[in-house]
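These notes concern the structure reproduced below.
Just so you know, all these numbers are worked out from the coordinates, no wet-lab data involved. Nothing here was measured: the structure is a model prediction, and the numbers come from that model. Using ideal geometry, Cβ is built from the backbone for each residue, glycine included, and neighbour counts are taken over all protein chains shown.
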Amino acid sequence: MTIRNAPEGFATRAIHFGYDPLDYHGALNPPVFLTSTYAFDRTDTGSNRFTGDEHGYIYGRVGNPTTSILETRLAALEGGEAALATSSGMGAITSVIWSLVKAGDDVLADKTLYGCTFSLLLHHLARFGVTTHFVDMTDPANVAAAIGPKTRLVVTETPSNPNMRIVDIAAIAEISRQHDALFVVDNTYCTPYLQRPLTLGADIVVHSATKYLGGHGDLLAGAVVSRKELVDQFRFVGIKEMNGACISAFDAFLILRGLKTLTLRMDRHCETALKLAHDLQAHPRVDRVFYPGLADNPQHELAARQMKAFGGMIAMELKGGLAAGKAFMDAASLITRAVSLGDAETLVQHPASMTHATYAPEERAAHGFTDGLIRLSVGLEDYDDLRGDILQALDRAGQ
Ligand code: 3LM
């Protein structure tokens with residue numbers, strides 16, 4: 001495979017990196033290799049590939065040529081040495097965590113995380129003797145105070161799902177490094193176009209590629225980007241021997257297709273979300289808007305420092321709390337009631353009863369989000385149409 005090495009711009013890399021049509025009969029788009037296994041020319045070739053003495057594909061669970069193109073491209077976009085594509089974001093997260101922790105280790109995590117990541121860390125890892133401590137990472141001093149000799153991993157999302165808290169990646173990377181802990185950042189909300197945690201000192205980036213990377217709500221996938229030595233562990237231990245969460249070649253192809261428009265889509269998501277966040281903030285029925293692009297957001301400056309723009313996700317609380325929030329969601333007409341994010345369609349959901357139902361009610365309060373919080377994934381529709389739907393739904397929610 002020809003790898004372009006020129007220091008090309010982000011959009012150029014998102015369209016071209018790691019694929020040369022002339023290597024594949026001139027086909028503009030990469031072929032989808034629908035195969036579960038690979039023929040060896042001789043017995044020794046197979047044996048040598050299993051020991052790692054020879055390069056080459058062995059079996060679909062550990063590699064596929066279409067998937068390799070995607071992995072090469074994702075590594076280039078995140079500024080990492082290597083990448084692993086997985087069957088879902090949770091597949092990416094478990095590949096990383098299960099490959100790295102053992103009984104007796106501690107994990108240090110931010111206090112708000114996507115619901116299933118939270119549950120994995122709090123409940124399920126505990127069954128295997130791994131303890132997770134949750135701290136408010138918006139203040140790096142909390143990380144410095146809680147990190148210790150048993151801390152193997154430090155885990156965060158920024159902005160956090162669902163309440164848009166921002167964590168200082170460079171500061172926490174430095175603290176993690178001083179304590180020999182590996183720092184994992186879930187970059188799903190940003191994509192590498194808006195934020196590149198590895199260049200800020202993080203060790204491992206994980207993604208739900210189901211979201212903006214795919215971008216069209218038609219697949220489930222995930223990705224991990226890190227140093228080659230670690231990615232090899234995630235592939236040959238995590239995926240191969242622990243969770244089997246390999247991506248299908250067809251989904252890898254769809255993500256490569258989605259990546260071609262990533263910059264255009266993200267620019268539009270960010271532009272519309274910023275305008276809507278201002279509209280919502282000015283509306284008398286809205287109590288609070290959580291969006292780091294708002295100038296009065298307490299973390300606006302930090303967000304501006306580590307993100308190119310502020311993303312397409314907005315959270316809000318309405319006056320009248322949960323009842324008003326539900327009425328708003330029921331009144332939405334153009335906006336679709338659905339979990340997930342990063343699609344062309346604007347989606348609205350209720351974290352406490354949906355994506356974050358894995359938190360007990362008292363945990364939701366302790367971890368910083370209310371039952372009244374509503375989350376919007378701002379899509380690619382015309383701004384005026386979205387604004388119109390939001391205004392009519394807010395009117396009806398107030399009746
Ligand atoms: C959601 N989130 O609506 P998959 N990391 C982050 C995520 O937001 C998610 C994952 C990992 C949502 C999915 S909830 C039932 C629907 C920051 C997923 C996990 O395994 O690809 O879904 O990614 O917030």
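Summary of values
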item	result
Dimensions in Å of the chain - Rg and Dmax from alpha carbons	21.4, 75
Extension gain, residue 228 back to residue 180 (0.36 nm per residue minus Cα-Cα distance, nm)	15.5 nm
Kirkwood estimate for the range 262-397, i.e. one over the average of 1/r between Cα atoms, Å	15.1
Cβ-defined net charge surrounding residue 165, 10 Å radius [Lys, Arg +1; Asp, Glu -1]	-2
FRET efficiency for residue 237 and residue 385, using Cβ-Cβ distance with R0 set to 41 Å, rounded to 0.05	0.30
Ordering of 329-336, 43-50 by burial proxy (mean other Cβ atoms within 10 Å per residue, highest first)	329-336, 43-50
Degrees between helix 383-397 axis and first principal axis of the chain (Cα, 0 to 90, nearest 10)	50
Zone of residue 282's modelled label, taken as backbone nitrogen in the range 371-399 under 18 Å from a point 7 Å along Cα→Cβ	383-395
Principal-axis tilt of helix 249-259 within the chain, Cα atoms, nearest 10 degrees	50
Within-10-Å neighbourhood charge of residue 217 [Cβ basis; K, R +1; D, E -1]	-2
Structure-based [θ]222 nm, the chain - -39500 (n - 2.57) summed over DSSP H runs of at least 4, per residue, nearest 500	-10500 deg cm²/dmol
Taking the C-alpha atoms of the range 196-283, convex hull volume expressed per residue in Å³	138
Proximal charge balance of residue 28 [Cβ under 14 Å; K/R count +1, D/E count -1]	0
Ranked packing of 294-300, 22-28, most packed first, by mean Cβ within 10 Å	294-300, 22-28
Sites residue 353 and residue 296 - FRET efficiency at Förster radius 35 Å, r taken between beta-carbons, to 0.05	0.75
Overall dimensions of the range 312-377 by Cα: Rg and Dmax, Å	11.6, 34
Cα-only Debye scattering, the range 137-261: base-10 log of I(q)/I(0) at q = 0.15, 0.17, 0.19 Å⁻¹	-0.76, -0.94, -1.11
Distance (nanometres) between label positions extended 7 Å along Cα→Cβ at residue 257 and residue 395	3.9
Partners for residue 111 among lysines (Cα-Cα distance below 30 Å; same-chain residues under 8 apart left out)	102, 150, 211, 228, 275, 308, 319, 326
GNM flexibility winner over the chain from 163, 187, 29 (Cα, springs under 10 Å)	29
FRET E, pair residue 34, residue 330, Förster distance 45 Å, beta-carbon r, rounded to 0.05	0.60
Using alpha-carbon coordinates, inclination of helix 169-178 to the longest axis of the chain, degrees	50
